[in-house]
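Here the structure is laid out as structure tokens; the discussion comes afterwards.
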């Protein structure tokens, strides 16, 4: 009898223990299954003799956030999708982090901010700010994220002051005066070092452009002297700005070379070869197609002009001539093309 009572107590105790474990398991499952990982974290910290590293804490936090997202997907963040006007576009700019975890300052940060500011008018300032903060959190964390967020607020204040920037009336047309005012405003909001890192290259380009404009208007210099001084100025630009400037002006320089070649009697084949050397095969092919389209358009305009002149010669009544001219336009061009024809003829008068 004593043995039977002992066995019954053991069975009852075991059943109660199984019930308790099952209840705890159900409770954990209902809460999303994250309690075991937290318990494991606590155990790991205890065994390790101290708190986890910042990297491990960040990884755990991201894991917890991911688990929470998987459990409840009913609510979607309004910033998971781009603004309508940005859909199908590639994000510009970047956030770079140094070895110590701090944000590396450079103009690419402002390019990232400005990418989102292009939706002004479509979205309000607070929505744009929230989108940029979300973009920051996706790219960096820790001190770099805090620095980027603080920089964003400084940039917002700067943009507001910049929009209200008013130059003295005597200096409104002087680019150098505007640039100087912007430099002062930037250092007011960011300080000397940060402003140099963010805007230095842009400011140097502005200074070169202003000085080049002054040189072009200097009648005391010959054309050759002006070009020489401007070339020296552009050579002083930072490498990145110099390369960007060269890339931007390459099509214009290539066109000037082609115009000079044609003036000297170069053939279409000569022009194509030069374009391949300067711009590459694809660009040369596109420009050759464009040349053909322009030549065809010019031929149509000349044919119309001849027929119109013939009509004018044999039609003395002005209303009758206008009607005949419009009929000729309708036969020769679409309504949209007729606008180009009229503009072209007006410019040639």
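Values quoted throughout were computed directly from the atomic coordinates according to the rules given, and no laboratory measurement underlies them. Model, not experiment: these values are computed from the prediction. Cβ atoms come from the backbone with ideal geometry, glycine included; neighbour counts cover every protein chain shown.
Run the paramagnetic zone check for residue 323: 7 angstrom along Cα to Cβ, then residues of region 294-308 with backbone nitrogen under 19 Å.
Inside the label zone: 308.
Sort largest first and round to whole Å: the equivalent ellipsoid semi-axes of region 94-164, each the square root of five times a Cα gyration tensor eigenvalue.
22, 13, 10
May I ask you to compute the full-extension gain from residue 296 to residue 134, defined as 0.36 nm times their residue separation minus their alpha-carbon distance, rounded to one decimal in nm?
Additional length available on full extension: 53.1 nm.
Which values, in whole Å and largest first, are the semi-axes of the equivalent ellipsoid of region 194-349 obtained as the square root of 5 times each eigenvalue of the Cα gyration tensor?
45, 21, 17
If you average the alpha carbon positions of region 111-137 and of region 195-225, how far apart do those two centres end up, in angstrom?
Taking the Cα centre of each part, region 111-137 and region 195-225 sit 32 Å apart.
Suppose R0 equals 22 Å. What FRET efficiency, 1/(1 + (r/R0)^6) with r the Cβ-Cβ distance, do residue 313 and residue 345 give to the nearest 0.05? Before the final figure, lay out each step's value.
Values: r = 17 Å, r/R0 = 0.76.
About 0.85, to the nearest 0.05.
Would you mind computing, in nm to one decimal, how far apart the modelled labels at residue 211 and residue 185 are, each placed 7 Å from Cα along Cα→Cβ?
For the pair residue 211/residue 185, the computed spacing is 2.4 nm.
Where Rh is the Kirkwood radius over the Cα pairs of region 245-320, the temperature 37 °C and the viscosity 0.692 mPa s, what D in µm²/s does Stokes-Einstein return?
In µm²/s, the coefficient is 219.
In nm, give the distance between the simple-model label positions of residue 332 and residue 223, each being 7 Å from the Cα along the Cα-to-Cβ direction.
With each label placed 7 Å out from Cα toward Cβ, I get 3.5 nm.
How big is region 287-347 along each principal axis, measuring the range of its Cα positions in Å and listing the largest first?
That gives 44, 21, 20 Å along the principal axes, largest extent first.
Work out how much length residue 157 to residue 264 would gain on full extension: take 0.36 nm times their residue separation and subtract the Cα-Cα distance, in nm to one decimal.
Full extension from residue 157 to residue 264 adds 32.9 nm.
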